[in-house]
């Protein structure tokens, strides 16, 4: 069921929240609010659902923190564990005094001593752990906040070091199975080190279960997952991002959790992925979305929490919105067969063929084989195919990413009045959207990769004939 409202939840307030969000480039895919043990709101917009995993970006960090907490509970790690002792074989021959002093606490609280994230400097190395500790620090560890996914990667490495298991395997035993979550995908560095700070894929339902465990101080369905003591430590302020002007990003940082400006804490990931815990109102809010302005996203959630309870009202308009908000308009059917070559491009596409009746088939002639996806008219068709570099992410088009990857996209098309063919490809397991404009008169192909209302990257596949 794509929409559920508990008794006492005002459908108009929820509708107004969704409308104000979309008016500001904040597009929600799935949202859940749980108060106590009871769901207050469950809403998923077609073609999305509550069960499909999606890339969480930095919301992954809070799961890594939980793994650290389990190790702390078992005496395998401590916030005071010195990295030079844990990773003695990874240290440079000549260690600085700062490197001798860096502790797990400093990595967890984003105070490694570096001035910025160094993930791009280590993720393609044969030994990213050794690479991380070879990069000189500027600040004394534990004194200056610098948000670093690479530091979280080292936290993941610490867990893997003391458990002898991949992070995802360890958490599968100790967290995911206990929450009723199927073992997820967690992306790795080139060498096989779990990224830790990004790369985890989970569904809306799974994040909500995680949030419930956090709200219940480490207990889920009566079973202790991680100690209340560790969570109390992890969800209190240890550092502050003084350079970020947004209230919810200057309220403080714990162990891979942000403090909320209002109260409570959250895990969050780029482009709007949220797991927010509000202890004083016994509430968990989870969101998967396509968001440009996360500060505004959080503000609007606060506003919804303040207005969502009251008189019940007709939910039919809200229910209709869940089915139509992201749907393309049904128009004239495509009924043609067109082929042309394209200019050299990063996706290594050499030519396109467009054909079909009603459904539009897009066949890509690439340097690594023929690929095809199908677009619906006024409906999305789910496709799976392999492609190079048309896989949007924060590290999109990193020089080392030139490999063929499997993608899943919901695809639809519209025929514009000027004769252009417009394709919308919504990625199934990331928060990104591709928008293609194919001009069959001028023989031009323009591809823009979006998240929310932001353009992340742009391809111009102008055909060779048009260039001449």
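The values are calculated or read from the model by the stated rules, or taken from the named source; none is laboratory data. This one's a predicted model, so the numbers in the text were calculated from it and none came from an experiment. All Cβ positions, glycine included, derive from the backbone under ideal geometry; neighbour counts span all protein chains shown.
What to note about this one:
- Some residue of the range 358-367 being under 26 Å from residue 294 (Cα atoms), outside the structural domain of residue 29 (by TED's automatic domain parsing) and under 30 Å from the mean Cα position of the chain (by Cα): no
- If you go through the range 302-323 and keep only what is closer than 20 Å to residue 49 by Cα and either part of a helix (DSSP H, G or I) or in the same structural domain as residue 29 (by TED's automatic domain parsing) (or both), you end up with 316, 317, 318, 319, 320, 321, 322, 323.
- Residue check, residue 280 surrounded by fewer than 18 Cβ atoms within 10 Å (Cβ to Cβ) and touching a helix residue (DSSP H, G or I) at 6+ places or on another chain (Cβ under 8 Å): no
- Boolean, residue 41 is under 20 Å from residue 291 (Cβ atoms), assigned by TED's automatic domain parsing to the domain that holds residue 162, buried (at least 23 other Cβ atoms within 10 Å of the Cβ) and touching a residue at least 60 places away in the same chain (Cβ under 8 Å): no
- The range 159-186: number of residues that are in contact (Cβ under 8 Å) with a residue 40 or more places away in the chain and farther than 19 Å from residue 225 by Cβ: 2
Quick grid of which residues meet (1) out of contact with any helix residue (DSSP H, G or I) (no Cβ under 6 Å at 6 or more places or on another chain); (2) surrounded by fewer than 15 Cβ atoms within 10 Å (Cβ to Cβ); (3) under 18 Å from residue 25 (Cβ atoms); (4) at pLDDT below 85:
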| position | (1), (2), (3), (4) |
| --- | --- |
| 410 | yes, no, no, no |
| 432 | yes, no, yes, no |
| 454 | yes, yes, yes, yes |
| 463 | yes, no, no, yes |
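- Counted residues, the range 162-174 - those being crowded, with 18+ Cβ neighbours inside 10 Å and out of contact with any helix residue (DSSP H, G or I) (no Cβ under 6 Å at 6 or more places or on another chain): 2
- Residues of the range 102-137 satisfying the condition of being more than 30 Å from residue 231 (Cβ to Cβ) and touching a helix residue (DSSP H, G or I) at 6+ places or on another chain (Cβ under 6 Å): 124, 125, 130, 131
- If the condition is being in contact with a strand residue (DSSP E or B) (Cβ under 9 Å, 6 or more places away or on another chain) and modelled with pLDDT of 90 or more, then the range 294-317 contributes 294, 296, 297, 298, 300, 301, 304, 305, 308, 309.
- One residue from 227, 206 being crowded, with 22+ Cβ neighbours inside 10 Å and in contact (Cβ under 8 Å) with a residue 60 or more places away in the chain: 206
- Flag for residue 194 being touching a residue at least 12 places away in the same chain (Cβ under 8 Å), within 18 Å of residue 121 (Cβ to Cβ) and touching a strand residue (DSSP E or B) at 6+ places or on another chain (Cβ under 9 Å): yes
- Candidate set from the range 337-357 (those that are touching a residue at least 60 places away in the same chain (Cβ under 8 Å) and part of a strand (DSSP E or B)); member that is nearest to the chain's Cα centre (by Cα): 349
- If you go through the range 434-445 and keep only what is surrounded by fewer than 16 Cβ atoms within 10 Å (Cβ to Cβ) and in contact with a strand residue (DSSP E or B) (Cβ under 7 Å, 6 or more places away or on another chain), you end up with 435, 437, 440.
- Being farther than 15 Å from residue 33 by Cα, touching a helix residue (DSSP H, G or I) at 6+ places or on another chain (Cβ under 7 Å), touching a residue at least 60 places away in the same chain (Cβ under 8 Å) and buried (at least 24 other Cβ atoms within 10 Å of the Cβ) is a property that residue 291 has.
- Residue check, residue 26 crowded, with 20+ Cβ neighbours inside 10 Å and within 22 Å of the chain's Cα centre (by Cα): yes
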